[in-house]
Amino acid sequence: MEEKVEEKPLLRLGEVVPDFGAVTTHGKIRLSDFKGKWIILFSHPADFTPVCTTEFVAFAQINPELVKRNVQLIGLSIDSVYSHIAWVRTIKEKFGITIPFPIIADLDLKVANLFGMIHPKQSTTSAVRCVFVIDPEMKLRAMIYYPLNVGRNMDEILRLIDALQTADKYKVALPANWRPGEPVIVPPPTTQEEAEKRLQESYECVDWFLCKKKLP
């Protein structure tokens, strides 16, 4: 008899993420405790490993910029809270860096399975490097997955937050490689009349469907 594989719900962009409670290095938390903030929930494979250590140093270094943007970092791995505490203390001792955000101890894989962080072709006992960007209404706005052997790019994570917040504030889209201060894309016209009018407006247009403007 063919074994049935349990299907887990797929996280989809734009939908409210599942809430959960967890033990962390900052005590017990619920994800919904941070409603009203942007949240970056990210997983790492294991404490006391080289790539993960460099990432945590890097996340701590960008944390002040994230705080300015009303973003809460939350880490996670399938390690105990005691392992997390020891690792955080080691990072402080070896790098002089304090880890200012909570790290979830997910020994029972509850959160990892809830958010699809376990990819069996990579590992059945470690989470891959996931990044989930959640907005103040608890809606999932972006997901990025990295393999176990490639560390994340902090510049891109900051750029992604800036892009999402700018898009929400000004109701615009952002071109490839966009950085704050650069022109943004005006939503394309939806009628022929609007398309004709668009080319007469004071935008930087390549054609009727692709026009950019500077933000105030």
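The values are calculated or read from the model by the stated rules, or taken from the named source; none is laboratory data. No experiment lies behind these values; they were computed from the predicted model shown. Here Cβ is always computed from backbone atoms with ideal geometry, including for glycine, and neighbour counts include all displayed protein chains.
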Only unsatisfied item for Ala86, checking (1) part of a helix (DSSP H, G or I); (2) in contact with a Lys or Arg (Cβ under 6 Å, 6 or more places away or on another chain), is (2)
When region 162-201 is checked residue by residue, the ones that are among the acidic types (Asp, Glu), at pLDDT below 90 and not in a loop (DSSP other than H, G, I, E, B) are Glu193, Glu194, Glu196
Those residues of region 92-117 that are free of Cβ contacts under 8 Å to residues at least 40 places away in the same chain and either under 16 Å from Thr25 (Cβ atoms) or among the acidic types (Asp, Glu) (or both) come to a total of 5
Among the residues of region 179-187, are any within 30 Å of Ser43 (Cβ to Cβ) and either outside the structural domain of Asp33 (by TED's automatic domain parsing) or under 11 Å from the mean Cα position of the chain (by Cα) (or both)? yes
_Tell me whether region 118-126 contains one or more residues that are touching a residue at least 60 places away in the same chain (Cβ under 8 Å), under 23 Å from Thr54 (Cα atoms) and hydrophobic (A, V, I, L, M, F, W, C)._
no
query = Is one or more of the residues making up region 96-114 modelled with pLDDT of 95 or more, of a type in the set (Gly, Ala, Ser), under 19 Å from the mean Cα position of the chain (by Cα) and not in a helix (DSSP H, G or I)?
reply = yes
The correct count of residues that are part of a helix (DSSP H, G or I) and either surrounded by 14 or more Cβ atoms within 10 Å (Cβ to Cβ) or not assigned by TED's automatic domain parsing to the domain that holds Ala112 (or both) in region 66-83 is 4
Picking from Ala127, Ala60, the residue that is hydrophobic (A, V, I, L, M, F, W, C), buried (at least 19 other Cβ atoms within 10 Å of the Cβ), in a loop (DSSP other than H, G, I, E, B) and under 17 Å from the mean Cα position of the chain (by Cα) would be Ala127
**Asked** Is it fair to say Phe132 is farther than 18 Å from Val17 by Cβ, not in a loop (DSSP other than H, G, I, E, B) and not acidic (Asp, Glu)?
**Response** no
A careful count of residues in region 134-150 that are of a type outside the set (A, V, I, L, M) and either crowded, with 17+ Cβ neighbours inside 10 Å or closer than 21 Å to Cys211 by Cβ (or both) gives 3
